[in-house]
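**Student:** Shown below is the structure under consideration.
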Amino acid sequence: MSQEKQTVLIKNASIVDKQSPFHLKKADILIEKGTIVEIGKNLKETFGSEVIKEDDLHASIGWMDMHTNVQDPGFEFKEDINSALNAAASGGFTEVLSCSTTKPVVDNKSGIEYQLMKSKGHACKLHVSGALSQKSEGLELAEMFDMHNAGAKAFYDYKSNVNNSQLLKLSLLYAKPFDGLVMCLPDENYLSENGVIHEGEISTINGLQGIPVIAEEIGVQRALKILEYSEHRLHLTSISTTGAIDLVKKAKQKGLNITSGVSVANLFFTDKNLLDFDSNLKLRPPLRDDKVRKSLIKALISGDIDVVI
């Protein structure tokens, strides 16, 4: 909303909000001083108001991204906190969780306080995650309780599978008294570390070493057993196999406090998109085949997968 316009009228927008009586219906939205004051049909324009009227407008409750790569401090030449939040807000996100590849690593309360201070007052709210281990090296626990007291919402070694089972166990037990959220990317590094793309027909055609599905599924099994032992809660940042879906679903039915995410790329692309060696689609977890892609979509719709990143 512009600084000059205190009143904004959005015309004929399709509303997506299951809690609203206007869910999946078209209506006008009147906003005054940043607050929605009325939703209805054929709302009248007032003098001096800003009117937004375009084809195929959609409005929904604010989105949240649980996996935002904020590279400040250390790599501000790529993106700082303000530019990251501006980009998020432009895409409809009102809240994001930082999963930072910063230098230094955010593994103490000073790092948490720095990111929260720099994001203060922005329209898009930044939730900060602290590193799970010191320097994200996977060896010793970071200062989790201090970071929690400073405002950290989760603990995560960015794109790390926490191959150290003892570290994952200790982090879950340590976070339990203050209900801290531990996050990890499920993987068995010794099976996947030299892989480039999904192990299958396309990896054979391209002559590239594949990443087998069992690498992820063993990682999920290990994480779930440790979670069951700790009796706490865990979020798997991104799963990409049908076996992982089944394991998480059964764990939920068993009563474990487990949630999972899926990468938006895994919902739209498959390993066939890598036949021309497009490095933009060399991802972790890797793109799988179309059968798996459809299974991921089905699991997201059913609620077996909780979030999209």
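**Student:** To the nearest 20 debye, what is the magnitude of the charge dipole of the range 62-158 about its Cα centre, counting +1 on the Cβ of each Lys and Arg and -1 on the Cβ of each Asp and Glu?
**Tutor:** On the way: 8 positive and 13 negative charges, 52 e Å.
Charge dipole of the range 62-158: 240 debye, to the nearest 20.
**Student:** Now for a separate question. Just to be sure I follow the definition: excluding the sites themselves, where is the longest run in the chain that has none of the GluC sites (Glu not before Pro) in a DSSP loop with at most 13 other Cβ atoms within 10 Å? Don't jump to the answer; show the numbers that get you there.
**Tutor:** Values: sites that count: GLU4, GLU54, GLU76, GLU140, GLU193, GLU231.
Of all site-free stretches, the longest is 232-309.
**Student:** Take the Cβ-Cβ distance between SER302 and LYS254 as r, set R0 to 22 Å, and report the resulting FRET efficiency rounded to the nearest 0.05. Provide the component values of the computation, followed by the final result.
**Tutor:** Working: r = 17 Å, r/R0 = 0.78.
Computed FRET efficiency for SER302 and LYS254: 0.80.
**Student:** With an 8 Å cut-off on Cα pairs and a minimum separation of 6 or more residues, tell me the relative contact order of the range 7-60 in percent.
**Tutor:** Details: 102 pairs, mean separation 24.0, N = 54.
Averaging sequence separation for qualifying contacts and normalising by length gives 45 percent for the range 7-60.
**Student:** Taking neighbour counts of Cβ atoms within 10 Å as a proxy for exposure, in what order, fewest first, do PHE269, PHE47 appear? Can you show the working numbers first?
**Tutor:** Working: PHE269 19, PHE47 5.
In increasing order of surrounding Cβ atoms, one gets PHE47, PHE269.
**Student:** What Kirkwood Rh does the chain have if only Cα atoms enter the pairwise 1/r average? Answer in Å. Could the numbers behind the result be given before it?
**Tutor:** Numbers: mean 1/r = 0.0469 Å⁻¹.
Its Kirkwood hydrodynamic radius stands at 21.3 Å.
**Student:** Is it possible to state the helix-based mean residue ellipticity at 222 nm for the chain, with each DSSP H run of 4+ residues giving -39500 (n - 2.57), the sum divided by total residues, to the nearest 500 deg cm²/dmol? What is it? Write down the numbers at each step before the final one.
**Tutor:** Values: 10 runs with 98 residues, N = 309.
Result for the chain, helices only: -9000 deg cm²/dmol.
**Student:** Students often get this wrong: which residues of the range 279-303 have the backbone nitrogen under 16 Å from the point 7 angstrom along Cα-to-C-beta of VAL196?
**Tutor:** Zone members listed by number: 279-284, 286-287.
**Student:** When only Cα pairs under 8 Å and 6 or more residues apart are kept, what is the percent relative contact order across the chain?
**Tutor:** Values: 614 pairs, mean separation 32.0, N = 309.
Value for the chain: 10 percent.
**Student:** What's the tally of Lys pairs in the range 97-153 whose alpha-carbon atoms lie under 14 angstrom apart, where the two lysines are 8 or more places apart or on different chains?
**Tutor:** 4
**Student:** Another question about this same structure. Which stretch or stretches of the range 266-309 have amide N atoms under 13 Å from the point lying 7 Å from TRP63's Cα along the Cα→Cβ direction?
**Tutor:** 308-309
**Student:** Would you mind ranking THR7, THR68, THR204 so that the residue whose beta carbon has the fewest other beta carbons within 10 Å leads the list?
**Tutor:** THR204, THR7, THR68
**Student:** When the chain is fully extended, how far beyond the present Cα-Cα distance does GLU76 get from LYS225, taking 0.36 nm per residue of separation?
**Tutor:** Values: separation 149, 0.36 × 149 = 53.64 nm, distance 3.91 nm.
Fully extending the segment from GLU76 to LYS225 adds 49.7 nm.
**Student:** Helix 213-230 sits at what angle to the longest principal axis of the chain, using alpha carbons and giving 0 to 90 degrees rounded to 10?
**Tutor:** On a 0 to 90 degree scale, this one is about 80.
**Student:** Taking Cα pairs under 8 Å and at least six residues apart, what relative contact order does the range 62-158 come out at, in percent? Walk me through the intermediate numbers first.
**Tutor:** On the way: 206 pairs, mean separation 26.8, N = 97.
Taking the mean separation of contacting Cα pairs over the length of the range 62-158, I get 28 percent.
**Student:** Pop the C-beta distance of THR101 and PHE145 into the FRET formula with R0 = 22 Å and round what comes out to the nearest 0.05.
**Tutor:** Details: r = 24 Å, r/R0 = 1.07.
Plugging the Cβ-Cβ distance into 1/(1 + (r/R0)^6) gives 0.40.
**Student:** How much length is gained on full extension from PHE268 to ASP246, taking 0.36 nm per residue of separation minus their Cα-Cα distance? Mind showing how you got there, number by number?
**Tutor:** Numbers: separation 22, 0.36 × 22 = 7.92 nm, distance 2.07 nm.
Here the answer is 5.9 nm.
**Student:** Okay, moving on. If R₀ is 35 angstrom, what is the calculated FRET efficiency for the pair THR46 and SER83, using the beta carbon separation as r and rounding to 0.05? Write out the running numbers ahead of the final one.
**Tutor:** Numbers: r = 34 Å, r/R0 = 0.98.
Efficiency, rounded to the nearest 0.05: 0.55.
**Student:** Taking the beta-carbon count within 10 Å as an exposure proxy, list SER98, SER240, SER203 from fewest neighbours to most. Don't skip to the end; give the middle numbers.
**Tutor:** Working: SER98 32, SER240 25, SER203 20.
Ranked by crowding around the Cβ, least crowded first: SER203, SER240, SER98.
**Student:** Which trypsin sites (Lys or Arg not before Pro) in the range 70-141 pass both tests, a DSSP loop state and at most 10 other beta-carbon atoms within 10 Å? Kindly include the intermediate steps, with their values, before the conclusion.
**Tutor:** Working: sites: LYS78, LYS109, LYS118, LYS120, LYS125, LYS135; in loops: LYS78, LYS120.
Loop-located and lightly packed - LYS120.
**Student:** Next question, about the same structure. Straight distance only, please: which aspartates and glutamates reach the Cα of LYS41 with their own Cα at less than 18 Å, same-chain residues fewer than 8 apart left out?
**Tutor:** Straight-distance partners of LYS41: ASP17, ASP28, GLU32, GLU50, GLU54, ASP55, ASP56.
Read the figures in this text as sums done on the coordinates, not as results from a lab. The shown structure was predicted, so the numbers you read here are calculated from the model rather than taken from an experiment. So basically every Cβ, Gly included, is an ideal-geometry build from the backbone, and we count neighbours across all protein chains shown.
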